[in-house]
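Enquirer: To start, I am sharing the structure in question, which I have written as structure tokens.
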Amino acid sequence: MKRKICVITGSRADYGLMYWLLKEIKNDFDLELQLIVTGMHLSPEFGLTYKIIEKDKFKISKKIEVILSSDSTIGISKSMGLSMISFSEAFNELKPDICVVLGDRFEIFSAVSAAMISRIPVAHLHGGEATEGLIDEAIRHSITKMSHLHFTANEKYSKRVKQLGENPKRVFNFGAPGIDNIHKLKLLNKSEFEKSINFKLGKLNFLITFHPVTLENNSSKQQFVELLSALSKFKEAKIIFTLPNADTDGRIIIKLINDFVNLSSKKSISFTSLGQLRYLSALKHVTLVVGNSSSGLVEAPSFKIPTINIGSRQDGRLKASSVIDCNPKSGDISKSIKIALQEKFQNSLKQTINPYGLGGASTKIKETLKNYDLNNILIKKFYDL
């Protein structure tokens with residue numbers, strides 16, 4: 001019988017990172033891909049990105065609605081509870097041999113909780129990382145403790161997973177699977193990219209991806225206002241915004257972006273979702289990345305462009321030499337952008353080494369999922385260092 005591997009995706013981000021892993025599983029004769037789509041994929045507000053998955057010719061086994069009409073703490077907590085019920089029903093019907101999840105979002109926590117109670121083993125991608133400004137920090141490590149196989153993006157993260165008491169024989173450091181997109185996708189050239197977004201680039205181009213900082217009360221609006229203030233100092237810059245995820249206070253940032261773009265439509269544009277091809281093509285053609293997204297740390301260094309990393313959202317994560325950390329203040333942000341544009345810093349980018357690997361992770365993960373002995377895998381003992 002084919003081994004049934006159930007992959008769960010809740011956002012455009014984790015789908016993009018797992019795209020080649022999904023293809024590997026789908027194309028393997030000995031495996032059966034089950035795909036559960038949830039979260040922002042099913043939200044009109046966030047672009048109904050499940051349609052992209054269908055366009056990519058993946059069969060969706062189950063769609064699990066997560067109520068995203070509220071980004072308040074109460075709304076998200078209710079969504080977690082209701083989605084856990086739906087996941088348990090889906091697992092009972094699909095009966096997968098193993099589930100695969102990535103990262104640290106709340107809907108993934110619900111899925112893994114249901115899998116644990118359903119006695120379904122879980123493989124977790126990107127465990128052991130740290131994002132000290134977010135609830136994601138606690139969620140990620142909780143998922144690690146409920147998981148049975150661990151695929152980390154760096155040796156430091158592998159050590160952290162082991163420090164949490166996980167058996168080293170079940171921890172695999174293959175690098176970040178999202179890097180495979182950079183090497184396998186045929187990225188758009190400049191004119192193709194401009195046509196795809198209906199927007200002309202200039203000599204100076206910024207890609208902005210900023211998400212709420214969920215552990216800092218009422219700071220998301222203040223931080224983003226500071227960012228917009230800094231951007232306004234670079235009159236010649238063309239600016240591409242990608243809208244934030246469905247985190248607490250996300251709608252505040254979305255409104256600020258829409259207001260900014262409406263007032264300066266000739267020099268700025270925004271997208272609910274660029275999709276993986278256009279997003280990576282953007283990294284190929286922009287001057288620098290500004291914000292607090294993990295993509296500025298994981299993918300941007302492979303393009304040898306600067307990342308201006310704002311505030312505490314990515315505190316604790318490994319960072320390449322191309323990343324400049326700064327405080328969420330207008331003066332600090334604009335100062336960091338100026339440093340990134342200096343000839344000395346631009347020359348140093350040639351030596352950038354991406355700490356998240358060189359690609360090839362997807363194939364290695366698939367082979368492990370295919371061949372690992374699942375007998376007695378549910379039995380876990382705390383591994384003392």
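The values are calculated or read from the model by the stated rules, or taken from the named source; none is laboratory data. Keep in mind that what you see is a predicted model, and the values were worked out from it rather than measured. Here the Cβ positions follow ideal geometry from the backbone for every residue, glycine too, while neighbour counts run over all protein chains shown.
Enquirer: Among the residues of the stretch 104-127 satisfying the criterion of being in contact (Cβ under 8 Å) with a residue 40 or more places away in the chain and within 16 Å of the chain's Cα centre (by Cα), which is farthest from P177 (Cα to Cα)?
Expert: E107
Enquirer: Okay, moving on. Since V161 meets every condition but one in (1) touching a His at 6+ places or on another chain (Cβ under 8 Å); (2) assigned by TED's automatic domain parsing to the domain that holds S270, which condition does it not meet?
Expert: (2)
Enquirer: Among the residues of the stretch 10-46, write down those that are surrounded by fewer than 18 Cβ atoms within 10 Å (Cβ to Cβ) and part of a loop (DSSP other than H, G, I, E, B).
Expert: Result: N27, D28, F29, D30.
Enquirer: Do any residues in the stretch 132-146 that are more than 16 Å from L378 (Cβ to Cβ) and part of a helix (DSSP H, G or I) have Cβ atoms under 7 Å from those of residues that are modelled with pLDDT under 95 and hydroxyl-bearing (S, T, Y), where the two are at least six apart or on different chains, and which pairs are they?
Expert: As it stands, the answer is E137/T131, since those pairs meet every condition given.
Enquirer: I53: aliphatic (A, V, I, L, M) and either part of a helix (DSSP H, G or I) or within 21 Å of A176 (Cβ to Cβ) (or both), yes or no?
Expert: On the way: aliphatic (A, V, I, L, M): yes; either part of a helix (DSSP H, G or I) or within 21 Å of A176 (Cβ to Cβ) (or both): yes.
Yes: the conditions hold for I53.
Enquirer: List the pairs whose first member sits in the stretch 275-294 and is closer than 12 Å to I240 by Cα, whose second member is assigned to a helix (DSSP H, G or I), and whose Cβ atoms are under 6 Å apart, counting only residues at least 6 apart or on separate chains?
Expert: R278/S196; L283/A300; L283/F303; H285/K190; H285/F193; L288/A340; V289/G296; V289/A300
Enquirer: Residues that are surrounded by fewer than 16 Cβ atoms within 10 Å (Cβ to Cβ) and under 21 Å from the mean Cα position of the chain (by Cα): list the helices (runs of 4 or more DSSP H) wholly contained in the stretch 152-201 that include at least 1 such residues. Walk me through how you get there before you give the answer.
Expert: Values: elements: 155-163, 179-184, 190-197.
Here the list reads 155-163, 179-184.
Enquirer: Among the residues of the stretch 91-113, write down those that are over 18 Å from E129 (Cα atoms), surrounded by 22 or more Cβ atoms within 10 Å (Cβ to Cβ) and either out of contact with any strand residue (DSSP E or B) (no Cβ under 9 Å at 6 or more places or on another chain) or small (G, A, S) (or both).
Expert: S110, A111
Enquirer: Checking L68 against (1) under 21 Å from the mean Cα position of the chain (by Cα); (2) at pLDDT 95 or above, only one condition comes out false. Which one?
Expert: If we test L68 against (1) under 21 Å from the mean Cα position of the chain (by Cα); (2) at pLDDT 95 or above, just (2) comes out false.
Enquirer: Scanning for something buried (at least 22 other Cβ atoms within 10 Å of the Cβ), within 30 Å of K23 (Cα to Cα) and at pLDDT 95 or above, does the stretch 210-222 turn up at least one residue?
Expert: No, the stretch 210-222 has no match at all.
Enquirer: Say we look at the stretch 335-370 and pick out the residues that are hydroxyl-bearing (S, T, Y) and assigned to a loop (DSSP other than H, G, I, E, B); which of these is farthest from N205 (Cα to Cα)?
Expert: Going through the qualifying residues, I end up with Y356.
Enquirer: For E32, state whether it is closer than 26 Å to D315 by Cα, in the same structural domain as K366 (by TED's automatic domain parsing) and touching a residue at least 24 places away in the same chain (Cβ under 8 Å).
Expert: no
Enquirer: Just checking, which of S77, S86 is of a type in the set (S, T, N, Q), out of contact with any helix residue (DSSP H, G or I) (no Cβ under 6 Å at 6 or more places or on another chain) and either exposed (fewer than 14 other Cβ atoms within 10 Å of the Cβ) or not assigned by TED's automatic domain parsing to the domain that holds I8 (or both)?
Expert: Values: S86 fails: either exposed (fewer than 14 other Cβ atoms within 10 Å of the Cβ) or not assigned by TED's automatic domain parsing to the domain that holds I8 (or both).
Sole residue among the options that is of a type in the set (S, T, N, Q), out of contact with any helix residue (DSSP H, G or I) (no Cβ under 6 Å at 6 or more places or on another chain) and either exposed (fewer than 14 other Cβ atoms within 10 Å of the Cβ) or not assigned by TED's automatic domain parsing to the domain that holds I8 (or both): S77.
Enquirer: For the stretch 303-326, enumerate the residues that are out of contact with any Ser or Thr (no Cβ under 8 Å at 6 or more places or on another chain), of a type in the set (S, T, N, Q) and at pLDDT 95 or above.
Expert: N309, the sole residue that qualifies.
Enquirer: Among D315, D332, which is surrounded by fewer than 23 Cβ atoms within 10 Å (Cβ to Cβ) and not in a helix (DSSP H, G or I)?
Expert: After applying the criteria, what remains is D315.
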